[in-house]
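To start, the structure itself, in structure tokens.
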Amino acid sequence: MNATLKKNISDLAIFGGSPVFSKIRSTSNLFKPDQDNFFKYAKVIFESRRLTNNGELVQQMEQRLTELHQVKHCVAVCNGLWALIMTLKCIAILGKTEVIMPSLTYRRMADITAWLNLTPHFCDVDINTLGMKPEIVEPLINENTAAIICAHPMVHLSDINGMLALAEKHSLPIIFDSVEAAYASYSGKMIGSFGNAEIYSMHASKFLNGFEAGYITTNDDELADKLKLMRGFGFRGPDNVEILGLNAKLNELHAAMALASLDNLELQIERNKKRYFKYKQELESLEGIDLVEYNENEVRSFKTILIRFNDKWNIPREETIRIMHKENMLVRPYYSPPLHAKKTEYTTITGDVSNTNILKQSHLLMPCGEFVSEQDIEDITAFLRFIGKNSAEIKNRL
């Protein structure tokens, strides 16, 4: 059923009507690279009979990612979560206990510190960019601060130069969580070489699809060497355990998928841009909703579509989500609930999060990625116009 055929609110799926889409339109990227190219890489694995343990394809992938991010080192690991745990383990100041991070970020970020017996110290974000900046973070720094995790938000970036200056001022290590900035530039310089290290995910939902994978970029030779040892049980040479390690290696098949995705990188960006500009065009005239726009003067992936409800949108966000889910539009609230609002089995510390408390109900991730067409976007935005126009009647019936 096309969204334009919704004649009255009884046509809404939540009230028993047929959904706009017969199949789910999700917020995941799910980019599928050229299949023949993937099998070309996979053939190398079977011919070499080397399936894992720093194989040829992993090394190829690491080299290409160092070039992409304009950085000295790339260390591939099994996923983004362990990339962050390992990096934090390596750089956190010994004897210190707190790690500053935003509350409005990845839902498992605080758990990462708990794995290392460290305490997450939640900070606020900028009301406009949703990112971290020094004047918000500095009041939280104290004698127990072990490190800063500066997580880039979706669409925008945090204040990188400001955060780097703050870390240097207080002699603190800083990691940039660049999962949502995997292909981006800051003042013309590619993301990847800022801070002590940057971490990335190559889950199928992310910009680069490695099925499930992650990596760390850094210009620090010693850190890169330590991370490579740590991902492989701490071994340096046969039976020689040099440091405490674990098994976080990336296997060759995942590297094959990531390499195929890298080969199709420009194609993916071209498709992402078409979807983004289609949303931008359709949302311009939609009262109550603002598109969170990319900085088109910098390098961007245009992967994620994020909107903000303003005061003219009369249906609460959670009800809007419920209505859209029934239409098979699998929209998602932006990092909700924030980390400071979640119950945990471990101790947390919360600073001033007044902006976060405002933002936690205002933003929504829209359907995007390879399973969303420009026609789908027309249908989605037409549907939003319909429920916006009929909001009073819909609220009464709900």
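What follows draws every value from the coordinates through simple rules; no lab data is involved. Computed from a predicted structure; not experimentally measured. Here Cβ is always computed from backbone atoms with ideal geometry, including for glycine, and neighbour counts include all displayed protein chains.
Observations on the structure shown:
- Take the Cβ atoms of Ala114 and Arg236, set R0 to 25 Å, and the FRET efficiency comes out at 0.30.
- Whether the stretch 163-234 is rounded, prolate or oblate, judged on the alpha carbon gyration tensor where a/c under 1.5 counts as rounded: oblate
- When the Cα gyration tensor is reduced to axis lengths a ≥ b ≥ c, the ratio a/c is 1.5 or higher for the stretch 293-363, and with a/b not above b/c it is classed as oblate.
- Sequentially through the stretch 20-25, phi angles give Karplus couplings (6.51, -1.76, 1.60; θ = phi - 60°) of 4, 10, 6, 10, 4, 10 Hz, Gly and Pro residues having no value and appearing as x.
- Pairs exceeding 20 Å between alpha-carbon atoms, taken from Lys6/Lys360; Lys133/Lys274; Lys6/Lys389; Lys40/Lys274: Lys6/Lys360; Lys133/Lys274; Lys40/Lys274.
- Low-density loop cleavage sites - chymotrypsin sites (Phe, Trp or Tyr not before Pro) in the stretch 131-231, where at most 14 other Cβ are within 10 Å (DSSP): none
- Computed across the stretch 35-263, the Kirkwood hydrodynamic radius from all distinct Cα-Cα pairs reaches 17.9 Å.
- Against the rule of thumb 2.2 N^0.38 Å, how large the Cα Rg of the chain comes out: 1.04
- Antiparallel DSSP beta bridges within the chain, percent to nearest 5: 55 percent
- 0 to 90° range, to nearest 10: angle between helix 160-169 axis and the chain longest Cα axis: 40 degrees
- By DSSP, the beta bridges lying fully in the stretch 35-263 are antiparallel in about 45 percent of cases.
- The stretch 194-324: C-alpha gyration tensor shape, a/c 1.5 cut-off, then a/b vs b/c: prolate
- Working note: 222 nm ellipticity from helices only, DSSP H runs with n ≥ 4, each -39,500 (n - 2.57), summed and divided by the residues of the chain, gives -11000 deg cm²/dmol to the nearest 500.
- For the chain, the longest principal axis of the C-alpha atoms and the axis of helix 80-91 are separated by about 40°.
- Taking every alpha-carbon pair under 8 Å whose residues sit at least 6 apart, the stretch 35-263 reaches a relative contact order of 28 percent.
- In sequence order, calculated HN-Hα J values of the stretch 62-76 (Karplus, 6.51, -1.76, 1.60; Hz; x Gly/Pro): 4, 5, 5, 6, 5, 5, 4, 8, 6, 9, 6, 10, 10, 10, 7
- Compared with the dominant Cα axis of the chain, that is its longest principal axis, helix 265-283 is turned about 30°.
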